[in-house]
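Following: one structure in structure tokens, then a few remarks.
The values are calculated or read from the model by the stated rules, or taken from the named source; none is laboratory data. Here the structure is a predicted model, which means the values were calculated and not measured. Note that we place each Cβ from the backbone using ideal geometry, even for glycine, and neighbour counts take in every protein chain shown.
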Amino acid sequence: MGQIMTAPHEATDAIQAVGWIGAGKMGEPMAANLIGHGLAVIVSEPSAANRDRLTEIGARTAETLADFARSRIVFSTLPNDAALLEVVGVGRDDGLAANLPRGAIFVEMSTVSPDCSEHVAAECARHGIRYVRAPLSGSTDMARNAALTVLASGDRSGWEEVLPYVEKLSARQFFLGDGEEARYMKLVLNTLVGASSAVLSEALAVGASGGLSRADMMGVICESAVASPLFKYKQQAVVNDDFSPAFSVSQMIKDFTLISEAARRNGVPLLTTGLILELYRSAANAGMQDEDFFALVKWQENLSTR
């Protein structure tokens, strides 16, 4: 059963520069939060603009993975399985795992497949690196405000050592087991998040056919038994037809593909989830791939008014 774990802050706050690999929409504000707490951070990030924003507030830039050789703790927030395997250097001797000192801790916070994560775990073990899976639940706004939820599993001693850092980035932390449990928990949450938009889009279409406005429907929904923090967070976006991407349709397709592949690997039939994946693919084919995943509301409305 998951539990929130605590550890003394004094034990790790004095450690030398923390490494951070991948400072995109989620990684940049998280790294900035560490810097804001007075911690030394060394960053590897392909976007010059993102690097510059962090160096302006005190980060140091890593030119190569060898620059992390003195880091005892390295975080990563990367876009997909391929990027993670490349950075870690699975099957090679020139990746991050080969450059970190033995006993270092790699805290991997991306949304990747359990299968990919298992390969990373083996590579880390080969080099004596403590591997902590720590995927995130939350938005970019929550990342900026250190209000994320962190789902962790893996090396327990590593988790206890990095927890004081993680607490500076998040509001809730759950340690779920010694293997890939955190990866599966992330897929569980993403299944429910993606399904919420799909079901809401159809529910609103039914209401609209009976003369209800989005504003009235969302007002009632958000004060009803089916209200959720997600619906309340998206309420104004849905009402105002503003689907600026916090998490895009394309990203949801990626995550639902991971969900489907993990289920297939373990022999779990996913009839509903498979249908929802096709809804997101259809919305992408209609030109909404870069809009927020709640754009399914608009996509469904377009279908219903033809």
Inset, instruction - State all residues of the stretch 54-76 that are surrounded by fewer than 18 Cβ atoms within 10 Å (Cβ to Cβ) and either touching a Leu at 6+ places or on another chain (Cβ under 7 Å) or farther than 18 Å from Val162 by Cβ (or both); if no residue qualifies, say none. - result: Thr55, Glu56, Ile57, Gly58, Arg60, Thr61, Glu63, Thr64, Ala66, Asp67, Ala69
Inset, instruction - Considering each of Val87, Val107 in turn, give the residue that is surrounded by 23 or more Cβ atoms within 10 Å (Cβ to Cβ) and not in a loop (DSSP other than H, G, I, E, B). - result: Val107
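Being within 22 Å of the chain's Cα centre (by Cα) and of a type in the set (D, E, K, R) narrows it down to one of Glu45, Glu56, Glu63, so name that one. Don't jump to the end; show me each part of the working.
Details: Glu56 fails: within 22 Å of the chain's Cα centre (by Cα); Glu63 fails: within 22 Å of the chain's Cα centre (by Cα).
Only one candidate passes the filter, namely Glu45.
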Inset, instruction - Go through (1) part of a loop (DSSP other than H, G, I, E, B); (2) in contact (Cβ under 8 Å) with a residue 60 or more places away in the chain and name the single condition Asp94 misses. - result: (2)
Legend entry - Subset of the stretch 110-132 (residues that are under 16 Å from Arg156 (Cα atoms) and not in a helix (DSSP H, G or I)): Gly128, Ile129, Arg130, Tyr131, Val132
Legend entry - Residues of the stretch 25-75 classified as in a loop (DSSP other than H, G, I, E, B) and aliphatic (A, V, I, L, M), total: 7
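Per-residue answers, yes or no, for (1) assigned to a helix (DSSP H, G or I); (2) surrounded by fewer than 13 Cβ atoms within 10 Å (Cβ to Cβ); (3) of a type in the set (Phe, Trp, Tyr):
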site	(1), (2), (3)
Asp216	yes, yes, no
Ala227	no, no, no
Ala237	yes, no, no
Phe256	yes, no, yes
Thr273	yes, no, no
Asp290	no, no, no
Trp299	yes, no, yes
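What number of residues within the stretch 239-254 are outside any helix (DSSP H, G or I), surrounded by 12 or more Cβ atoms within 10 Å (Cβ to Cβ) and out of contact with any strand residue (DSSP E or B) (no Cβ under 8 Å at 6 or more places or on another chain)?
Pass one, the stretch 239-254, residues outside any helix (DSSP H, G or I): 240-248.
Narrowing further to those that are surrounded by 12 or more Cβ atoms within 10 Å (Cβ to Cβ): 242-243, 245-248.
Those left that are additionally out of contact with any strand residue (DSSP E or B) (no Cβ under 8 Å at 6 or more places or on another chain): 242.
Qualifying residue count for the region: 1.
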Inset, instruction - Among the residues of the stretch 164-192, write down those that are without any contact (Cβ under 8 Å) to a residue 60 or more places away in the chain and closer than 30 Å to Trp299 by Cα. - result: Val188, Leu189, Leu192
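Residues are listed down the side, and each one gets a yes or a no for (1) more than 28 Å from Thr257 (Cβ to Cβ); (2) polar (S, T, N, Q); (3) more than 18 Å from the chain's Cα centre (by Cα):
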residue: Ala97; (1), (2), (3): no, no, yes
residue: Leu100; (1), (2), (3): yes, no, yes
residue: Asp115; (1), (2), (3): no, no, no
residue: His127; (1), (2), (3): yes, no, yes
residue: Val132; (1), (2), (3): no, no, no
Inset, instruction - Kindly indicate whether any position in the stretch 225-234 is more than 26 Å from Leu271 (Cα to Cα), assigned by TED's automatic domain parsing to the domain that holds Trp299 and in contact with a Cys (Cβ under 9 Å, 6 or more places away or on another chain). - result: yes
Inset, instruction - For the stretch 177-187, indicate whether the set of residues that are of a type in the set (Lys, Arg) and either under 25 Å from Arg265 (Cβ atoms) or not in a loop (DSSP other than H, G, I, E, B) (or both) is non-empty. - result: yes
Legend entry - Hits in the stretch 258-271 (condition: assigned to a helix (DSSP H, G or I) and either of a type outside the set (Ser, Thr, Tyr) or touching a strand residue (DSSP E or B) at 6+ places or on another chain (Cβ under 8 Å) (or both)): Leu258, Ile259, Glu261, Ala262, Ala263, Arg264, Arg265, Leu271
Legend entry - Subset of the stretch 124-158 (residues that are surrounded by fewer than 19 Cβ atoms within 10 Å (Cβ to Cβ) and farther than 30 Å from Phe231 by Cα): Ala125, Arg126, Gly128, Arg156, Ser157
